[in-house]
1. Could you tell me which of the residues B:Glu198, B:Glu165, B:Glu211 is under 22 Å from the mean Cα position of the chain (by Cα), not hydroxyl-bearing (Ser, Thr, Tyr) and not assigned by TED's automatic domain parsing to the domain that holds B:Glu111?
2. Are any residues in region B:216-241 away from chain A (no Cβ under 14 Å) and either part of a loop (DSSP other than H, G, I, E, B) or in contact (Cβ under 8 Å) with a residue 24 or more places away in the chain (or both), and if so, which ones?
3. Where residues in region A:571-600 are more than 25 Å from A:Leu383 (Cβ to Cβ) and either within 14 Å of another protein chain (Cβ to nearest Cβ) or buried (at least 19 other Cβ atoms within 10 Å of the Cβ) (or both), which of them is nearest to the ligand (Cβ to nearest atom)?
4. Being surrounded by fewer than 18 Cβ atoms within 10 Å (Cβ to Cβ) and among the aliphatic types (A, V, I, L, M) is the requirement here; does A:Leu62 meet it?
5. Take residues that are within 14 Å of chain B (Cβ to nearest Cβ), within 22 Å of B:Pro220 (Cα to Cα) and not acidic (Asp, Glu) and tell me which of the helices (runs of 4 or more DSSP H) falling wholly in region A:1-90 contain 3 or more.
6. Return a yes/no flag: does region A:52-72 have any residue that is touching a helix residue (DSSP H, G or I) at 6+ places or on another chain (Cβ under 9 Å) and either on the phi > 0 side of the Ramachandran plot or of a type in the set (Lys, Arg) (or both).
7. For region B:11-49, which residues satisfy the criterion of being in contact with a Gly (Cβ under 9 Å, 6 or more places away or on another chain) and over 19 Å from B:Val73 (Cα atoms)?
8. Pick from A:Arg61, A:Arg23: which is under 19 Å from A:Trp537 (Cβ atoms), among the basic types (Lys, Arg) and within 24 Å of the chain's Cα centre (by Cα)?
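The values are calculated or read from the model by the stated rules, or taken from the named source; none is laboratory data. These numbers were taken from a predicted model, which means no experiment stands behind them. In this analysis, Cβ positions are derived from the backbone assuming ideal geometry, glycine residues included, and neighbour counts consider all displayed protein chains.
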Amino acid sequence: MTNDKKDIRRMSGVLGSVQKPGRYSGGEYGEVLKDKSLVKARFAFCFPDSYEIGMSNLGMRLLYGALNSDPDIWCERVFAPWVDMEEQMRAHDIPLCALESGDPLSEFDIIGFTLQYEMCYTNVLNMLQLAKLPIRAVERGEDCPIIIGGGPCTYNPEPVADFFDCFSIGEGETMLNEFTELYIKMKAEGRYSRAEFLHEAARTISGIYVPSLFEVSYNDDGTVKAYTPKYDDIPPRVVKRIMTDMDTAFFPQRVVMPYIETVHDRIMLEVCRGCIRGCRFCQAGMVYRPVREKSPEVLDRQARELYEQTGYEEMSLSSLSISDYTKLPELTDRLLSWTDEKMVSLSLPSLRVDSFSKQLMERVASVRSSSLTFAPEAGTQRLRDVINKNVTLDDLLNAVGVAFEGGKTSVKLYFMQGLPTETESDLDGIADMAREVIEAYYRSPGRVKGRQPSVTVSVSNFIPKPFTPFQWEAADTPEQLEAKQKYLRGRITDRKIHYQYHNVGTSHIEAVLARGDRRLSRVLEAALDAGFKYDAWDEFFNYEGWMELFRKTGIDPAFYANRTFGRDEVLPWDVIDCGVTKSFLLRERDRAYAEKTTPNCREKCSGCGANKLGGKGICCPQTCGEDAQ
Amino acid sequence: MILTEQQIKALPYLDPPKTVRIKFRKAGRLKHISHLDLQRSMARIIARAGLPVWYTKGFNPHPKLVFGVPLPVGVESECELLDLRLDRDIPNEAVRDMLNAKLTDELCALEVREAGAKFVEISAADYSITIKTAGACNELAAEIQQMLTSSPLVIIKKSKSGEKEADIIPMINNVSAKYCADEDVVRLSVRLSCGQTENLNASAVVSALRERLGILSGDPTVEYCNIRRERFYGADGKQFV
Ligand code: SF4
């Protein structure tokens, strides 16, 4: 009878007192329920941000499916509670629980955190505390769950290395399953202990990084001296894992369907991984190399399956640079053959201006119009050459011309400020480009008559990221960034141009954490004690508070954020091998200062080194040796 | 009975479309989903079920969904109603089964029939309320019974035009409160005015009891009050389906 369905979880009694209880309800169609007495390992997949953000993450959808495809493993979801829920949890002594079973995290075997951005680190620590687990790895006893981190931030996991037992570097679809299977096996054979297990994982599973197995020493000037492995049988550098064949890579048959509105509430069809472009500021463009595409047949089949499982009315083709997908027309033709009839609209993420065409717009604009976003990234051709963004003003004007002819009136442009070699004239260039777009609107004969155009100029702050040609560069100080924002604001006078900018304090902390080392764990721990959380949210971010913590812990943030790192300096992330070599990154950096662009991978291989990872259907062919075949 | 896309396309086309009435359950963990979120999700549920939905004509085609009386968040129901237009002559059992193939037990279709009387005719609903509270006993049940059957029981009702005091006893009928010793809970069933002319939320009744009797004031992780809507009635006193 219906009584059986009563929500019996300990937390359910407080859900009447929080906003959006649907964040904590669980019970969505597509959630995986298993009998806990029949599984051999329980995995808690934690997303250290709100439900709405976490449920929009493609990686989480994939890994949840991959882990649950093994009948021995039950993977459940955990999100950061919103502050009102946290208050209730602390008031009523409710530990952090997984959505599916409602069981506390301490009952799990393995807890995985996906680290999508540096500003979520305080949420990770807060979640561990809410789960009543020791924060530091060394304090965890034999009956504590193993805590593993993954995601983009693990390309330099050092600031959080002391809080994690291990990290999975690279694509996790098979790695996390292997990791959990090893855990099950060692438990079954009675030879499990934390230390034995972590050592064996580091030794036998490629991509597993166990920070406690490396001794870090420092020079007198504060820079890293060396990373020394504690055993000879583990790799001295951890090579990232990739899926070599995307067509046969795991694809989830089910998707957990949120009832409450999430950020990306739509089908996300992952078209390819990697990017051929090589923009010099872009970490994703480097660490996801080499490019691997899925075939249109496979994508069409997967899209239909996703539609049948979700009923979503919108499908977004996801890729770092969708217009570089070699078979885009064939794919959109296949999809449009059924999506129109089912009232499903296609949308594309940010488009490259040099490949934007009328045909493309017509394909994606069917049923419902999608808003148009372009990312020129810099305001002058000189600076665009420095960052290797191979697009011109003409490309942009052509693209917006097509858009205006097609009835669009608003365009969003993404830029960055604080890039290496930037001067005032580059900032002027941003304002000029926006003005040119407005003028292009009025020149366009087919524009919507009687409507005003609107151009949004969104300017983020450049942050040097590991494994990019700009990884050695100093970020602008918050004061410099603020002065530039003020300057640009003064240059934008047209009311049709809307200027958006980012919090400089957040960028500063992000820059510290992005290139940080293990000594930053002191600051993060102090941040936890100070009650910091949701730092990625402007409403919670406390810049003065962070500065105070740096002073108290004796750490100089400028050492990490605003210092030019030495060419020969040992970098904290040198312990990771993401495929791309340091000599390539240095070559690219020199070319940046020479204002020389580098052809994209499809035009000409630049020998970045990522081809050694293998990968089917990529664009690094003959030139890159046999692995690429 | 689950029909394939081909089988559905072979069914007779209906112009005008037919309207079916779906009775569905919303219970367990999904009681925490708001009416607005449910409305938004329903279009997707229907789409993934593969039903031959009739779309509105015009610039932004969408399915036509008409819900019965909105269910407050936190309340379970065994009798929610939804009218849906379909443009193929598909059997009612197929509609139910295809929906349930893409739903879970906590939110599922219980019955599908041809739509009858309009939802405005709904005037009352039965609720089962389970109260787990310190001090639950036969005497408490008797006190509740007494309180809900003797006028006046005045509460502050909030409406668009402001707050006003109202005696809710005329809106409460068929009261039965019993103490259930094996589960240590009080089981209360009531029929409350429900619908567009007069509406009394079950949670307002529970709040009135809480204020006057001091129940449900302990640890919220131990004490609870579970409200379930069981069935609707029309103005004629007959069950509304
Ligand atoms: S090996 Fe060559 S083609 Fe392949 S990703 Fe690197 S630069 Fe591009």
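1. Details: B:Glu165 fails: under 22 Å from the mean Cα position of the chain (by Cα); B:Glu211 fails: under 22 Å from the mean Cα position of the chain (by Cα).
Of B:Glu198, B:Glu165, B:Glu211, the one residue that is under 22 Å from the mean Cα position of the chain (by Cα), not hydroxyl-bearing (Ser, Thr, Tyr) and not assigned by TED's automatic domain parsing to the domain that holds B:Glu111 is B:Glu198.
2. Of the residues in region B:216-241, the ones away from chain A (no Cβ under 14 Å) are B:232-241.
B:Phe232, B:Tyr233, B:Gly234, B:Ala235, B:Asp236, B:Gly237, B:Lys238, B:Phe240, B:Val241 - these are the residues of region B:216-241 that are away from chain A (no Cβ under 14 Å) and either part of a loop (DSSP other than H, G, I, E, B) or in contact (Cβ under 8 Å) with a residue 24 or more places away in the chain (or both).
3. The extreme case among them is A:Gly579.
4. Values: surrounded by fewer than 18 Cβ atoms within 10 Å (Cβ to Cβ): no; among the aliphatic types (A, V, I, L, M): yes.
Here the answer is no, as A:Leu62 does not meet what is asked.
5. Details: elements: A:22-25, A:51-54, A:58-68.
Ranges flagged: A:22-25.
6. No.
7. Answer for region B:11-49, where residues must be in contact with a Gly (Cβ under 9 Å, 6 or more places away or on another chain) and over 19 Å from B:Val73 (Cα atoms): B:Arg21, B:Ala43, B:Arg44, B:Ile45, B:Ile46, B:Ala47, B:Arg48, B:Ala49.
8. Numbers: A:Arg61 fails: under 19 Å from A:Trp537 (Cβ atoms).
The match here is A:Arg23.
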